[in-house]
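Novice: This is the structure, below, for whatever I ask next.
The values are calculated or read from the model by the stated rules, or taken from the named source; none is laboratory data. Just so it is clear, the model here is predicted, and its values are computed rather than measured. When we count neighbours, we look across all protein chains shown, and the Cβ atoms used for this are built from the backbone with ideal geometry, even at glycine. To get the accessible areas, we keep the full protein, side chains included, count just its heavy atoms, and leave off ligands, DNA and RNA. Shrake-Rupley method; radii C 1.70, N 1.55, O 1.52, S 1.80 Å.
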Amino acid sequence: MSLILPTTVRGFHDYFKLTADPRSLAEAFGFTFEADILLLKESKEPLIWLSELENRLIYALKNLIFDTETARREFLIAPVLFEISRHVNSVIRSEFVIRATPQLKGTLDYLLTSSYSLLVVEAKQSDLTRGFSQLVSELVALDYVVESEINLLYGAVSYGEVWRFGCLDRKNKLIIQDLNLFTVPHDIESLIRRLIHVLSEKRD
């Protein structure tokens, strides 16, 4: 049975609460959905600040009690995005409001923009599956409002310790959920280098 979308929503978080799986939600918005290995390249630039960021994240994981989602955003997600934004000289917006349609409106947790854009959704309740459903709705909304001819729109969902990428292919009406998961701190360098490549002007 096809998923019936609400005619209007209060915000993108409604799609998290809807508990619809990402595939059903993507198809309801008129997109094909695939779970596959997303071939994201890694930036080869020197990252002299990476070890300091890694140490900060390790300290947070060892010493802080993450009993609220705000704590995860402030101490695990925001520091990563701040360093990425500073490195690629991008604009970073938090709680950024967009309204594409009555079904696609609300605040984006994080939106980084340079030559390209990157959406990041904080996965509430550490639920990556429902968090990715919310990411699907936000990527579709971004497809409405981005006027450039860039074909691939990237996003990621995270609760701080684990990250998963996603991609919307505008030409082929396709949303891809990456099969790879990146953990912090174990995969921090690989994660950072992929995030930089997504936003880099040198991206293929």
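Novice: Take ILE92 and tell me if it is within 30 Å of SER200 (Cβ to Cβ), in contact with a helix residue (DSSP H, G or I) (Cβ under 8 Å, 6 or more places away or on another chain), open to solvent by 20 Å² or more (accessible area, probe 1.4 Å) and of a type in the set (A, V, I, L, M).
Specialist: Against the criterion (within 30 Å of SER200 (Cβ to Cβ), in contact with a helix residue (DSSP H, G or I) (Cβ under 8 Å, 6 or more places away or on another chain), open to solvent by 20 Å² or more (accessible area, probe 1.4 Å) and of a type in the set (A, V, I, L, M)), ILE92 qualifies.
Novice: For residues in region 1-31 being exposed (fewer than 14 other Cβ atoms within 10 Å of the Cβ) and hydroxyl-bearing (Ser, Thr, Tyr), which is nearest to LEU128 (Cα to Cα)?
Specialist: THR19
Novice: Does any residue in region 123-151 that is in contact (Cβ under 8 Å) with a residue 12 or more places away in the chain and within 14 Å of LEU18 (Cα to Cα) come within less than 7 Å, Cβ to Cβ, of a residue that is open to solvent by 10 Å² or more (accessible area, probe 1.4 Å) and of a type in the set (S, T, N, Q) six or more places away or on a different chain, and which pairs are these?
Specialist: ARG130/THR19; PHE132/GLN177
Novice: With the requirement that a residue be under 16 Å from VAL140 (Cβ atoms) and free of Cβ contacts under 8 Å to residues at least 40 places away in the same chain, what does region 97-108 give you? Spell out the reasoning first.
Specialist: As a first pass, look at region 97-108 and keep what is under 16 Å from VAL140 (Cβ atoms): 98-108.
Hit for region 97-108 is ARG99, nothing else.
Novice: Let me ask another. Scan region 6-23 for residues that are more than 17 Å from ALA141 (Cα to Cα) and at pLDDT 90 or above and jot them down.
Specialist: Answer for region 6-23, where residues must be more than 17 Å from ALA141 (Cα to Cα) and at pLDDT 90 or above: just ASP21.
Novice: Name the residues in region 165-204 that are more than 20 Å from LEU57 (Cβ to Cβ), open to solvent by less than 10 Å² (accessible area, probe 1.4 Å) and not aliphatic (A, V, I, L, M), would you?
Specialist: Scanning region 165-204 gives GLY166, CYS167, ASP178.
Novice: Tell me the residue from GLU34, GLU54 that is acidic (Asp, Glu), part of a helix (DSSP H, G or I), modelled with pLDDT of 95 or more and open to solvent by 50 Å² or more (accessible area, probe 1.4 Å), please.
Specialist: GLU54
Novice: Just name the residue that is least open to solvent (accessible area, probe 1.4 Å) out of those in region 57-72 that are part of a helix (DSSP H, G or I) and over 20 Å from SER190 (Cα atoms).
Specialist: Of the residues in region 57-72, the ones part of a helix (DSSP H, G or I) are 57-63, 69-72.
Still in the list and also over 20 Å from SER190 (Cα atoms): 62-63, 69-72.
Numbers: LYS62: 155, ASN63: 88, GLU69: 71, THR70: 82, ALA71: 17, ARG72: 39 Å².
So, considering only residues that are part of a helix (DSSP H, G or I) and over 20 Å from SER190 (Cα atoms), the one least open to solvent (accessible area, probe 1.4 Å) is ALA71.
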